[in-house]
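One structure is given here, and the rest of the page talks about it.
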Amino acid sequence: MGVVTRAQAKRMRSGGPDLISLLPDEILGSIISLLPTEQGARTQILSSRWRPLWRSAPLNLEPYGLSSSIDEDVVSRILTEHRGVARRFKAPPHILDGDPATLDRWLRSPALNNLQELRLYFPPFVLPMLPIPQSAMRFMSTLRIAHFSCCQFAVDAACRLHFPNLHYLSLFSISISDDCLRTVLAACPALDKFDLEYCFYISPKPTIPASTLRFSSTLRVARFGQCQFPDAAALKVHFPNLQHLELRMVTISERSLHAMLSSCPALNSLMLTGNFGFRKFVINSLKLKRVGMYFGRSNTEIELEELIVVNAPCLEILHQRGPFEGNMRISIVSAPKLKILGRLTDNISKLELGTTVFEGPRAIRVATTMRSVKVLALRLHSLSLHLAINFMKCFPCLEKLYIKTHIATENMRLHNSLGRNECLDFHLKKLRIKHYLGKGSHLAFAKFFVLNASVLESLVLVVGPEMEESDWWIENQRRQLQLEKRASIACEIKFSSDDHSSYHRDIQEQDPFE
């Protein structure tokens, strides 16, 4: 590492105009390597001091989502002129849409020797699928991350595979034979993350081989998509260290799903997206912290009808989103740490929270309180103050309430003798109503919270753009909401056409595949 001389240090203390250029080459090279490819290359024009740095800095070549100025000729020139250590090579469809021989020539470039991360995104909807060049296998001993998308994965039978350092393998929207997949996985002894999603327009969906589901005791993160799980495969699953599992557009039986989850004792995060084949899903896990479920409507597939949380002592987030007309039954028996719950709808045929039972839009009895729940999301056909108050009784420590609705009716049953409500008096701080129309039940609903929520800090009413831009409409709304009589003087009322809800930020976590 370079040394800063006394003269340089003196200029630094005196506040010279270019202090960063006084840093050693190694540090400046590391800074440049963190920039996007195009911006890193532009540092050459800063001064003669910077001109040679980019060509010797660690190479992260990512012409992805950048301007059209980075084309095949530019990539070829970079690989010819760069002298630094190669870390990452990422080629998107607009780069790989040319002659496959060009990609093969790039991968054989000495500039990519000792490559650690390779991401190849081939053009989608191209039939037959383009094959992965055999030259990609020359990085077997150094690769830590490999991502291949929209291609045919096949390996030369003469090629002896061994990826001793590969921690993350992603095969997305691909075509691959069972034998090839088995060979590839056997060659990855240190695999930590695995993403396997077959090509979505292949019909029927491929059947995942049993060997894929029991290949690694090192695996912590896994995603499987666009395939079928036969009972013979799922019942042999053994992922002792798996912490995050995601199934996307997978057909799997109820028996296989539960057997698979019971074979993942360390699992703390589960995502189910667009899956079919099971009518009932039971959560019975000692370590599961987060469950996300996204499912649609099908006329041909077996779909989810009942969700039961039997025993989940660590569960903090339970988010499910299905078709608006869905009438699923939900029962939460034991989830003492549950903080975020959604989205519940008024079409749910039956909702049991401990000994509290909601049947349709009304509560038969409110006998259990779940004080751990802080965030609740509802999707209602029409606003019901009676339903909202019952939920607040069931979740007395609720701090954030998100509601998505559509219809505004003219009549609403109000609670004239509300009495004490712990949630309204001490806890509810944020309320957001999407598709607010400013009349009928919508106006009465919002007004109730303005006048009764004692610690409310934010009321966001999501309206159409024409309403947000109408000063007269907003002023009339403020007058009808009687803001001068609001129970919380600190409450801010905002009319917005922004469709992005902070509820999504509440349930989001860092993508484990990044």
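The values are calculated or read from the model by the stated rules, or taken from the named source; none is laboratory data. Being a predicted model, the structure only gives us computed values, none of them experimental. FYI the Cβ positions are ideal-geometry reconstructions off the backbone, even for glycines, and counts take in every protein chain you see. Each accessible area value is taken on the protein alone, full model and side chains, heavy atoms only, with ligands, DNA and RNA left out. Shrake-Rupley method; radii C 1.70, N 1.55, O 1.52, S 1.80 Å.
Descriptive notes on the structure:
- Flagged links, alpha-carbon separation over 28 Å, of LYS287/LYS404; LYS439/LYS485; LYS289/LYS447; LYS236/LYS337; LYS236/LYS289; LYS90/LYS289: LYS287/LYS404; LYS289/LYS447; LYS236/LYS337; LYS90/LYS289
- Full extension of the segment from ASP511 to ALA367, taken as 0.36 nm per residue of separation minus the current Cα-Cα distance, would add 48.0 nm.
- Calculated FRET efficiency, GLU81 to ALA101, Cβ-Cβ distance, R0 = 22 Å: about 0.60 to the nearest 0.05.
- Label separation (GLU466 vs SER21): 5.9 nm, computed from points 7 Å beyond Cα along the C-beta direction.
- Carbon plus sulfur fraction of accessible area for the stretch 333-396, probe 1.4 Å, in percent: 51
- Ellipsoid semi-axes for the stretch 80-218, based on the Cα gyration tensor and the rule √(5λ), read 24, 20, 12 Å when sorted largest first.
- Note: the stretch 137-176, Cα convex hull, 66 Å³ per residue.
- Those trypsin sites (Lys or Arg not before Pro) in the stretch 412-498 that DSSP places in a loop and that have at most 12 other beta carbons within 10 Å: ARG413, ARG420
- Heavy-atom accessible surface of the stretch 102-200: percent carbon and sulfur, 1.4 Å: 56
- Simple label model, 7 Å out from Cα along Cβ direction - SER262 to ARG479, nm: 6.6
- With the simple model of a label 7 Å out from the Cα in the direction of the Cβ, ILE308 to LYS439 spans 4.7 nm.
- ³J(HN,Hα), Karplus 6.51/-1.76/1.60, whole Hz, each residue of the stretch 222-228, x for Gly, Pro: 9, 9, 10, x, 6, 8, 10
- Fully extending the segment from ASN241 to ASP498, taken as 0.36 nm per residue of separation minus the present Cα-Cα distance, adds 88.4 nm.
- Annotation note: trypsin sites (Lys or Arg not before Pro) in the stretch 161-249 located in DSSP loop regions with a Cβ neighbour count of at most 15 within 10 Å are LYS236.
- The Rg/Rh ratio of the stretch 216-326, with Rg taken over Cα atoms and Rh as the Kirkwood radius over Cα pairs, comes to 0.94.
- Sequence-separation-based contact order of the stretch 57-186, relative, with Cα cut under 8 Å and 6+ spacing, percent: 20
- Calculated from backbone phi, Karplus (6.51, -1.76, 1.60) coupling profile of the stretch 76-91 in Hz, x at Gly/Pro: 4, 5, 4, 5, 6, 9, 6, 10, x, 6, 7, 10, 9, 10, 10, 10
- FRET efficiency, 1/(1 + (r/R0)^6) with R0 35 Å, evaluated for THR355 and ASP425 via beta carbons: 0.90
- Tensor-based shape of the stretch 272-358 (alpha-carbon gyration tensor, a/c under 1.5 rounded, otherwise prolate or oblate): prolate
- Annotation note: GluC sites (Glu not before Pro) in the stretch 314-375 located in DSSP loop regions with a Cβ neighbour count of at most 10 within 10 Å are GLU325.
- Derived scalar couplings between HN and Hα for the stretch 285-295 equal 9, 7, 10, 4, 10, 9, 10, x, 10, 10, 9 Hz in order, rounded to whole Hz, by the Karplus curve 6.51 cos²θ - 1.76 cosθ + 1.60 (θ = phi - 60°), x for Gly and Pro.
- Theoretical FRET efficiency, 1/(1+(r/R0)^6), r = Cβ-Cβ of GLU254 and SER211, R0 30 Å, to 0.05: 0.80
- Shape class for the stretch 163-213: prolate, because the ratio a/c of the largest to smallest gyration tensor axis (alpha-carbon atoms, square roots of eigenvalues) is 1.5 or more and a/b beats b/c.
- The convex hull around the C-alpha trace of the stretch 211-260, projected and averaged over every direction, spans 3.1 square nanometres.
- Lys, Arg +1 and Asp, Glu -1 on Cβ, resulting dipole of the stretch 249-402 about Cα centre, debye, nearest 20: 480
- Three-way shape label, the stretch 345-403, alpha-carbon gyration tensor, a/c 1.5: oblate
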